[in-house]
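Report on the following structure.
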Amino acid sequence: MDVSSPRFKEKAVIALADPTLRQALGQSRKGFVNKRAELVAALPEFEALRDQARDVKNHVLENLDHYLERFDSAVTAAGGHVHWARDAEEARNIILGICERVQARTITKGKSMVSEEVNLNAALEKRGYTVVETDLGEYIIQLAKEPPSHIIAPAIHKTKEQVSDLFEAAHGGPRKTTVADLVTEARLVLRDKYFKADVGITGGNYLVAETGSSIIVTNEGNGDLTQTLAKVHIVTSGIERIVPTLEDVSLFLRILARSATGQETETYTTLSTGPRRPGDVDGPEEFHVVLVDNGRSKMLGGKFQDMLRCIRCGACMNHCPVYGAVGGHAYGWVYPGPMGSVLTPLFVGLDATRDLPNACTLNGRCQSVCPVRIPLPELLRELRHQQHQRGISPPVQRRALGVWRFVAERPGLYQFANRLAARALKGLSGRNGRLRHLPFASGWTALRDLPAPEGKTFLELWHARQT
Amino acid sequence: MPESRSAILQQIRAALGRGPLSDAAAAALDARRPAHPRIAVDDDDLVARFVTRFESRSGTVARVSGVDAIPAAVDAYRQAHGLPPRAAVARPLAGLAWPAGFIHHPGPAGQDEQMSVTPCLAGIAEIGSLILASGPDSPTTLNFVPDHHLIVLPAGRIVRHFEDAWTLLRALPGGLPRATNIISGPSRTGDVELTIQLGAHGPRSVHVLLVADADRATP
Amino acid sequence: MPRVGLFATCLMNLFRPSVGFAAAQLLEDAGCTVEVPMAQTCCGQPGYNSGDFDAARTLAKQVITTFEGFDYVVGPSGSCMATLRHDYPKLFEDDPEWHPRAAALAARSHELLSFLTDVCGVTAVNAAYTGTVTYHDSCSGLRGLGVKAQPRLLLGSVEGLQLTEMPDAEVCCGFGGTFCVKYPEISGRMVDDKLANVAATGADTLLGGDLGCLMNMAGRLRRQGSKLKVFHTAEVLAGMATGSGIGIGDGEH
Ligand code: SF4
């Protein structure tokens, strides 16, 4: 996927002016937020589960090499194959290689953020394969030729009318106008594809080291049809998605759906362990897992290791007021919202993503809902720190900070400057109590008045009173 | 690619500031069997908890007096939904006394299949879900392709937590099956304006035949 | 009597001294001796949140030195006080000399209202206010310091005051320090959403515990032509919320 993060501001402003987007986002996010809140309130164990989930993830990261090796052996023992990809290109080549060997034509896909991350669809299509996204949301945006705008609900930015338009154009009429009819139409169209598919590609929510199983969690069942009916099943997953045992799986199943969509559980949780076995009448003949590093191992042991705990639930974006205002596309890459504002700079570099860590009020709501307690605001601040150190924060900001520091380091000067400002601003405001325009604070006064000072500073009034 | 494998492992170890784990350390990790917090399920009646939760997600449940009553219950469901007298019926259930004219085959389920009847490994009371283990006796297509999925669940097979289901899974003769499906209701989607719609890709209807007679109910 | 050093936050010092006097009075009513060191400036948060950790450290040292002799440091802002409590120790994590001093100060630093209730045991104030108010939970105080019940407890004791909760009281108002000037359009949408929730309550007064947020919301209200009163919670609790509130001058009565 191309990176359009450098155009964050521009895209954010366009998004803000889009009433359809506002309508779509507003409804959907409220649903997620409210349903999660209800479930969490009803579950006294929830906070303990979050602590434990954080600890298990940390344990895995500290021993990642071991668990990856165990997973590899267990998959092999079950008759599957594990492929290791250092970067996006290697991941694409591995998958292209498999598709070529089995002479694939149609490839179905369950939702996989890693495949978006490594830009898989474009590579497959370039080789002439027919690639069909089967998650309804992914299917909608594939028709719209857009990237996902949310990691759980990729088409959250689309209204029903827009989906009707897309389906009408893609499937021919008659135009369907109810959600029920739209879903049925997609079901019929996609049914054929599952049965035709040579290769089915899915993501992997969890990779179980103990058993060599890869796990997907879905509501639609599309992932299951994808991986059951294709001749070859390929799982794409980040190396950090390992969990040691089935006991750990239960822990994550208890928090994932509740955090993601506000459901007690999603409809389907499937553990895939190897290919079709003797006597089986269905299931894929080959089972492959592509373990993708793509920068993850470099995050280990450093300031951003905590980010590797992420289970891609989307709660942080559901609760982020900035995401809620601008939607997912403004972020400009695969991962939007708070987790994306941390991951994108780490994956694609600080230079192309300068806005992402800054377009945040550090209000902390994301951290307060993150099921694995990732300190997202702290990580965003750390990215700002790295921008500052590398000298790529905006020059205006650097100059302003310099002045602020110079003054604030000198209490005498600071008090003097404040006294001056209190009088000047008060004078400018007259008896209005506020200023409508202030040349050096136009970012403020473009939208708001500036409440005027009372005329004297607190420190001078206090000390005048004391003496 | 083997060199990528070692490169990634090396990079991980470098980042963690250590070499490969010692055998003793590795063995300790392999022996790890964590006891994580669970969700309190102190309802004495696991069956009731299972049913309430399963139904809360639009799953349906019919109570059946015994294994012998399964064919009649299936037929009643079929007629109520106006379905033809045909189904993919998993092998362990094939020997039941199916009504005359009812055509059944053991799978796999093809594109035209409208109904399937399968056993399951267990019910999980914690969230009201079913766990199905694939194999010649329980082909996976039966769980996802037909519009109507009927699952036979002996009441005595409802366990409390996920962990109890894992114990059953690990005890299977071949260890974990190729596919382990935890099914919590009919297929659904909220991808259009978060409006819940059943039957997105998988079954529109998942119907549990809850068999009361626990002793004899091991189809 | 505990000796409290009052932390005069930048915005309070420059824009709203009455909040400082309200804080001092509430502290004295709770039995504290209040002093305001003249040598204080800024807590350093603007630098810290902009990634200039070095500047933040310099200012943090200044604050630590200035307030070291007090039993407590108290300020009428969740945001600044969260910086003292949580960020100072982190800033000096690797500094054996300054870390203990930062940690010691952090342990004695409190946001005003939580200090009054949680440390001094105040459960009621002696004040009256006629009106229906709604309360915005500023993010740093709420999530950083657990300030949620304390202001509500004290507001409940104000004679004549009626509190109506707004929907999404815990959602950010769009201030975010420099965020609001760097991303004015996004900030504008956030504050408008917030003010729609405020309006939905029908309250005539908006309260909060952080002047940054209050100035953001008041500034936007004034731009919209609204006369809704905006006060810092401390002003109401100290019986000093007598004028027309933040962003409305005396000339406008
Ligand atoms: S950062 Fe936390 S809340 Fe956000 S997607 Fe990852 S796990 Fe979920």
Original post:
Does residue A:43 count as at the interface with chain B (Cβ under 8 Å from one of its Cβ atoms) and in a helix (DSSP H, G or I)?
Top reply: no
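Residues checked against (1) buried (at least 24 other Cβ atoms within 10 Å of the Cβ); (2) more than 24 Å from residue A:242 (Cβ to Cβ); (3) modelled with pLDDT of 95 or more:
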position	(1), (2), (3)
A:149	yes, yes, no
A:153	yes, yes, no
A:166	no, yes, yes
A:184	no, yes, no
A:198	no, yes, yes
A:203	yes, no, yes
A:207	yes, no, yes
A:223	yes, no, yes
**OP:** Can you tell me which residue within the range A:349-362, out of those that are away from chain C (no Cβ under 11 Å) and crowded, with 24+ Cβ neighbours inside 10 Å, is farthest from the ligand (Cβ to nearest atom)?
**Re:** A:353
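Of the residues in the range B:24-39, how many are under 37 Å from the mean Cα position of the chain (by Cα) and assigned to a helix (DSSP H, G or I)?
6
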**OP:** Could you check residue C:251 against (1) within 14 Å of another protein chain (Cβ to nearest Cβ); (2) outside any loop (DSSP other than H, G, I, E, B); (3) at pLDDT 95 or above and say which number it fails?
**Re:** (3)
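From the list A:441, A:424, pick out the single residue that is aliphatic (A, V, I, L, M), over 26 Å from the mean Cα position of the chain (by Cα), away from the ligand (no atom under 16 Å from the Cβ) and within 8 Å of chain C (Cβ to nearest Cβ).
Working: A:424 fails: within 8 Å of chain C (Cβ to nearest Cβ).
So the residue among A:441, A:424 that is aliphatic (A, V, I, L, M), over 26 Å from the mean Cα position of the chain (by Cα), away from the ligand (no atom under 16 Å from the Cβ) and within 8 Å of chain C (Cβ to nearest Cβ) is A:441.
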Original post:
Can you tell me which residues in the range B:6-33 are touching a Gly at 6+ places or on another chain (Cβ under 7 Å) and either surrounded by 11 or more Cβ atoms within 10 Å (Cβ to Cβ) or more than 7 Å from chain A (Cβ to nearest Cβ) (or both)?
Top reply: B:13, B:15, B:16
**OP:** Say whether the condition of being within 15 Å of the ligand (Cβ to nearest atom) and in contact with an Asp or Glu (Cβ under 9 Å, 6 or more places away or on another chain) is met by at least one residue in the range A:211-220.
**Re:** yes
Original post:
What is the one condition in (1) touching a Gly at 6+ places or on another chain (Cβ under 7 Å); (2) open to solvent by 10 Å² or more (accessible area, probe 1.4 Å); (3) within 11 Å of the ligand (Cβ to nearest atom) that residue A:346 does not satisfy?
Top reply: (3)
**OP:** Could you figure out which of (1) out of contact with any Pro (no Cβ under 8 Å at 6 or more places or on another chain); (2) assigned to a loop (DSSP other than H, G, I, E, B); (3) closer than 30 Å to residue A:56 by Cβ isn't true of residue B:5?
**Re:** (2)
**OP:** Restrict the check to the range C:159-170 and report whether at least one residue is touching a helix residue (DSSP H, G or I) at 6+ places or on another chain (Cβ under 9 Å) and within 14 Å of residue C:220 (Cα to Cα).
**Re:** no
Original post:
Of C:236, C:171, which residue is within 19 Å of the chain's Cα centre (by Cα), in a helix (DSSP H, G or I), β-branched (Val, Ile, Thr) and assigned by TED's automatic domain parsing to the domain that holds residue C:143?
Top reply: C:236
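Which one is most open to solvent (accessible area, probe 1.4 Å), of the residues in the range C:29-48 that are within 13 Å of chain A (Cβ to nearest Cβ) and closer than 16 Å to residue C:120 by Cβ? Quick ask: steps written out before the conclusion?
Of all residues in the range C:29-48, those within 13 Å of chain A (Cβ to nearest Cβ) come to C:33-48.
Now restrict to residues that are closer than 16 Å to residue C:120 by Cβ: C:33-34.
Working: C:33: 50, C:34: 15 Å².
Among them, the one singled out is C:33.
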Subject >> All positions within the range A:300-311 that are under 17 Å from residue A:345 (Cα atoms) and outside any helix (DSSP H, G or I) >> reply: A:300, A:302, A:303, A:304, A:310
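Look at residue A:245 and say whether it is touching a strand residue (DSSP E or B) at 6+ places or on another chain (Cβ under 8 Å), surrounded by 22 or more Cβ atoms within 10 Å (Cβ to Cβ) and within 7 Å of chain B (Cβ to nearest Cβ). Step through it out loud before you land on a result.
Working: touching a strand residue (DSSP E or B) at 6+ places or on another chain (Cβ under 8 Å): yes; surrounded by 22 or more Cβ atoms within 10 Å (Cβ to Cβ): no; within 7 Å of chain B (Cβ to nearest Cβ): yes.
Taking the combined requirement at face value, the residue does not satisfy it.
Which of the residues that make up the range A:348-366 are in a helix (DSSP H, G or I), touching a helix residue (DSSP H, G or I) at 6+ places or on another chain (Cβ under 6 Å) and free of Cβ contacts under 8 Å to residues at least 40 places away in the same chain? Give the derivation first.
Pass one, the range A:348-366, residues in a helix (DSSP H, G or I): A:348, A:351-353, A:355-358, A:365-366.
Then keep just the ones that are touching a helix residue (DSSP H, G or I) at 6+ places or on another chain (Cβ under 6 Å); that gives A:352-353, A:355-357, A:366.
The one that is in a helix (DSSP H, G or I), touching a helix residue (DSSP H, G or I) at 6+ places or on another chain (Cβ under 6 Å) and free of Cβ contacts under 8 Å to residues at least 40 places away in the same chain: A:357.
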Original post:
Looking only at residues in the range B:122-156 that are assigned to a helix (DSSP H, G or I) and either over 12 Å from the mean Cα position of the chain (by Cα) or surrounded by fewer than 23 Cβ atoms within 10 Å (Cβ to Cβ) (or both), which one is modelled with the highest pLDDT?
Top reply: B:141
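Take residue C:218 and tell me if it is assigned by TED's automatic domain parsing to the domain that holds residue C:138, in a helix (DSSP H, G or I) and without any contact (Cβ under 8 Å) to a residue 12 or more places away in the chain. Talk me through it step by step, then tell me what you get.
Details: assigned by TED's automatic domain parsing to the domain that holds residue C:138: yes; in a helix (DSSP H, G or I): yes; without any contact (Cβ under 8 Å) to a residue 12 or more places away in the chain: no.
Judged against the criteria, residue C:218 is not a match.
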**OP:** Give the residues of the range A:327-342 that are within 15 Å of the ligand (Cβ to nearest atom) and not in a loop (DSSP other than H, G, I, E, B), sorted by residue number.
**Re:** A:331, A:337, A:338, A:339, A:340, A:341, A:342
**OP:** Any chance you could count how many residues in the range A:254-297 are open to solvent by 10 Å² or more (accessible area, probe 1.4 Å), at the interface with chain B (Cβ under 7 Å from one of its Cβ atoms) and either outside any loop (DSSP other than H, G, I, E, B) or among the basic types (Lys, Arg) (or both)?
**Re:** 2
Subject >> Number of the exception - residue A:385 against (1) modelled with pLDDT of 95 or more; (2) within 16 Å of the ligand (Cβ to nearest atom) >> reply: (2)
**OP:** Take the residues in the range A:298-326 that are more than 16 Å from the ligand (Cβ to nearest atom) and in contact (Cβ under 8 Å) with a residue 60 or more places away in the chain, then tell me which one is farthest from the other protein chains (Cβ to nearest Cβ).
**Re:** A:326
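Any residue at all in the range A:395-417 that is part of a loop (DSSP other than H, G, I, E, B), at negative phi, open to solvent by less than 40 Å² (accessible area, probe 1.4 Å) and away from the ligand (no atom under 16 Å from the Cβ)? Break it down into steps so the answer makes sense when it comes.
Just the residues of the range A:395-417 that are part of a loop (DSSP other than H, G, I, E, B), to begin with: A:409-410.
Now narrow it down to the ones that are at negative phi: A:409-410.
Of the ones still in play, those that are also open to solvent by less than 40 Å² (accessible area, probe 1.4 Å) are none.
No, the conditions are met nowhere in the range A:395-417.
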**OP:** Inspect all residues belonging to the range C:180-189 and state whether any of them is at pLDDT 95 or above and either in contact with a Pro (Cβ under 8 Å, 6 or more places away or on another chain) or within 24 Å of residue C:154 (Cβ to Cβ) (or both).
**Re:** no
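Please work out which residue is nearest to the ligand (Cβ to nearest atom), limiting yourself to the range A:363-382 and to residues that are open to solvent by 30 Å² or more (accessible area, probe 1.4 Å) and within 11 Å of another protein chain (Cβ to nearest Cβ). Spell out how you get there, then give the answer.
Kept after step one, since they are open to solvent by 30 Å² or more (accessible area, probe 1.4 Å), are these residues of the range A:363-382: A:365, A:367-368, A:373, A:378.
Now restrict to residues that are within 11 Å of another protein chain (Cβ to nearest Cβ): A:365, A:367-368, A:378.
On the way: A:365: 10, A:367: 8, A:368: 10, A:378: 12 Å.
Checking each candidate, the answer is A:367.
The values are calculated or read from the model by the stated rules, or taken from the named source; none is laboratory data. Source: prediction; values computed, not measured. Every residue, glycine among them, receives a Cβ derived from its backbone with ideal geometry; neighbour counts consider all protein chains shown. Keep in mind that these areas ignore ligands, DNA and RNA; they rest on the heavy atoms of the full protein, side chains included. Shrake-Rupley method; radii C 1.70, N 1.55, O 1.52, S 1.80 Å.
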